[in-house]
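Asker: One structure is given below, represented as structure tokens, and several questions about it will come after.
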Amino acid sequence: MVIEMAEEKKDTIAVLLEEKRLFHPPEDIVENSNVKKWMNEHGIETYEELLEKAKDIEWFWGEVSKDVVNWYEPPKKILEWKPPYAEWFVGAKYNIVHDALDKHIGTPRENKVAYYFEGEPGDTRKLTYKDLYVRVNKLANALKDLGVKKGDRVGIYLPMIPELPIAMLACAKIGAIHSVVFSGFSALALRERINDCGAKVVITCDSFYRRGKKVPLKKQTDEALKEAPSVEHCIVYRRTGDEVPWNKERDLWWDDLIKDKPEECETEKMDANDPLFILYTSGTTGKPKGVVHRHGGYAVGVATTLKWVFDIKDDDIWWCAADIGWITGHSYIVYGPLILGATSVIYEGAPDYPKPDRWWEIIDKYKVTILYTSPTSIRLFMKYGEEWVKKHDLSSLRLLGSVGEPINPEAWIWYYKNIGKERCPIMDTWWQTETGQFMIAPLPITPLKPGSATKPFPGIQAEVFDAEGKPIKNAGGNLVILKPWPAMLKGFYGDPERYKQTYWSRYPNVYLAGDVARKDDDGYFWLQGRADDVLNVSGHRIGNSEVESALVSHPKVAEAAVIGKPHELKGECIVAYVVLKEGVEPSKQLKEELREHVAIQMGKIARPDEVWFVKDLPKTRSGKIMRRVIRAKALGQDVGDTSTLANPEAVEEIARAT
Ligand code: PRX
């Protein structure tokens with residue numbers, strides 16, 4: 001019996017993996033989709049014709065913008081492209097909060113639920129668009145009274161509670177630039193980010209629930225603020241009611257602050273290309289880069305892609321199960337859904353707490369119609385087994401989504417069969433912090449191939465280039481984007497050179513994504529992972545060199561090299577090779593100390609799974625540590641030519657240590 005089932009599973013996977021085998025979304029989904037309606041209105045008959053027409057990007061983005069945003073003053077020009085800088089909707093006066101909140105007020109939508117909140121301990125809240133509007137206005141007025149002005153930066157260090165979107169929107173409303181730091185990051189990671197952007201105010205909470213425990217966010221914030229000269233005030237929301245350390249000159253309780261503030265606050269009329277937020281992400285250097293996004297193009301990009309890919313309608317209950325601390329949450333929990341007037345679910349805690357069916361319980365409770373999550377979460381649920389899923393109905397679901405890492409066909413099939421009950425198409429969306437919006441993703445009319453993010457969204461021109469910059473098919477190459485898109489980053493905060501260097505120096509006037517991809521004969525894209533030294537752990541992006549910097553900041557460490565190793569659940573896990581300083585004795589205890597040290601420096605998500613001590617690391621003659629060689633050796637692969645190394649014997653050290 002067991003063997004039979006295994007055989008059957010293998011067969012299905014084999015069939016699915018055949019690239020010619022297409023999964024056609026159900027006819028009713030296709031016919032009733034938002035994109036089909038738009039195509040009908042524009043006399044477009046087929047998916048291919050839509051992609052072809054949308055190659056005129058100024059026409060396409062100009063046209064779709066009419067359905068999702070309302071300018072205070074219309075743009076004079078759709079696009080100004082001066083590589084590597086693009087300005088979209090040039091000359092328009094705008095504020096994204098006008099579309100996310102203001103426009104709903106005074107319409108029947110003001111009484112619609114914007115967010116269902118489910119706390120980890122089981123407490124719930126329901127916020128309508130009007131509730132959200134009032135809370136945002138009060139906080140916006142409070143920020144103004146604290147002296148926060150247009151262009152000032154505000155750091156936000158909050159967990160998955162409604163106050164996180166409220167804080168973001170309050171900043172945006174008055175033209176301040178928010179910089180959210182993921183609540184799983186450490187105090188030192190927070191410090192680095194608020195100092196880089198020079199935040200004037202930081203918003204946090206006492207503590208929050210995670211896996212039945214409380215995470216002391218205020219205490220961590222205090223640690224960060226010990227060396228953060230730009231920060232004048234710290235606003236603290238009471239989530240758990242815990243006692244917290246208090247600095248009378250600096251700290252303010254959220255509730256006290258907003259109590260007497262007016263319920264109306266004028267929305268600052270911005271230029272469409274004024275900055276909306278900074279979000280730090282990992283790159284190939286040790287320092288995170290502050291990706292800047294803007295009000296206008298970003299609004300058009302996120303709202304259009306959400307409306308089309310996930311087909312959001314007025315009666316949908318949308319659950320993007322990512323954290324708002326990452327771009328997925330910014331674009332598809334906060335700005336995209338609110339612009340569309342959607343109802344979303346926000347869940348505070350761990351997916352398997354208190355039991356592995358917490359998510360399925362939430363789906364039934366709120367009648368979630370669309371679920372968007374990561375392959376890592378799917379693999380976690382696979383591990384727990386189907387029994388946990390079978391206890392629940394899940395018949396409200398009509399579409400599923402995946403993001404953050406390539407989805408392996410086994411996970412795709414499990415998701416498709418057990419969660420979607422072979423009824424719900426899976427939208428595998430490829431994009432990045434920098435792109436702000438989906439770039440390669442199916443529409444509900446797109447035939448699917450499990451494991452492929454399918455084709456570029458209309459208006460996006462992607463290719464796979466070889467080393468010379470020629471488009472290639474059926475072979476791995478560099479994923480590039482040929483033309484600008486509306487939610488394209490403005491650059492890095494305070495570092496224009498690095499922006500040019502990172503994305504635009506490999507091929508002239510073409511955006512280098514940093515991923516390896518393959519394009520098949522049907523024009524479908526198969527993402528294969530990062531091309532550069534960036535790790536993808538559970539869909540979280542971590543720079544190898546960031547972890548290395550954290551390790552060498554330990555007084556006993558001389559040098560470190562960090563590689564990613566395939567991991568059944570996380571996709572990739574972190575393995576560190578460490579050279580200790582003269583006279584330091586290696587020990588098991590020291591390994592633990594180093595793992596903990598990285599967690600303190602960066603946050604638990606970056607804690608290495610394995611730490612190995614070596615006497616030397618393979619290097620080039622110019623002293624560059626050869627991670628590629630280390631990785632190949634550690635994984636038992638061919639290391640290639642090592643004759644250019646200054647110390648080829650160090651390669652054997654890696655094998656011995658592991
Ligand atoms: O390597 C790609 C991977 O995640 C990277 C972007 O990470 P980040 O900026 O943190 O944003 C994550 C959420 C959008 C990409 O360069 N990635 C993201 N989505 C996919 C993916 N890899 C394969 N398939 C995807 N659907």
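Readers should treat all values here as calculations from the given coordinates under stated rules, not as data from a laboratory. The structure displayed is predicted, hence computed values, not measured ones. Here the Cβ is made from the backbone with ideal geometry for all residues, glycine too, and neighbour counts use every protein chain on show.
Asker: Whole percent per 5 Å bin, from 0 to the bin with the longest distance: what is P(r) over all C-alpha pairs of region 501-658?
Answerer: Going from the shortest bin to the longest, the percentages are 2, 8, 16, 19, 19, 16, 10, 5, 3, 1, 0, 0.
Asker: Same structure again: When only alpha-carbon atoms are used, what values of Rg and Dmax, in angstrom, describe region 98-280?
Answerer: Rg and Dmax of region 98-280, Cα atoms, are 15.8, 48 Å.
Asker: Which residues does the label zone of Lys604 cover in region 205-223, counting backbone N under 17 Å from a point 7 Å along Cα→Cβ?
Answerer: 207-221, by backbone N distance to the label point.
Asker: At 0.36 nm per residue, minus the direct Cα-Cα distance, what do Lys149 and Glu227 gain on full extension? Give it in nm, one decimal, please.
Answerer: 25.8 nm
Asker: Okay, moving on. Test of understanding: what is the full-extension gain from Asp520 to Lys367, defined as 0.36 nm times their sequence separation minus their Cα-Cα distance?
Answerer: Taking Asp520 through Lys367 to full extension adds about 51.3 nm, to one decimal.
Asker: Work out the FRET efficiency for Thr107 and Lys37 from their Cβ-Cβ distance, taking R0 = 25 Å, and round it to the nearest 0.05.
Answerer: That pair, Thr107 with Lys37, gives E of 0.75.
Asker: Hey, what does the equivalent ellipsoid look like for the chain, semi-axes from the Cα gyration tensor as sqrt of 5 times each eigenvalue, largest first, whole Å?
Answerer: 36, 32, 26
Asker: For the residues Val201, Val148, Val90, what sequence is obtained by ranking on other C-beta atoms within 10 Å, fewest first?
Answerer: Val90, Val148, Val201
Asker: Would you kindly state how much longer the chain becomes between Glu80 and Lys417 on full extension, computed as 0.36 nm times their sequence separation minus their alpha carbon distance, in nm to one decimal?
Answerer: Gain in length upon complete extension: 116.7 nm.
Asker: List Tyr85, Tyr129 from most exposed to least, where exposure is judged by having the fewest other Cβ atoms within 10 Å.
Answerer: On the way: Tyr85 16, Tyr129 25.
The order, fewest Cβ neighbours first, is Tyr85, Tyr129.
Asker: Now for a separate question. Counting only the backbone N, which residues of region 182-205 are under 19 Å from the spot 7 Å out from the Cα of Trp246 toward its beta-carbon?
Answerer: 202-205
Asker: Quick check on the exposure proxy: order Ile563, Ile445 from fewest to most C-beta atoms within 10 angstrom.
Answerer: Ile445, Ile563
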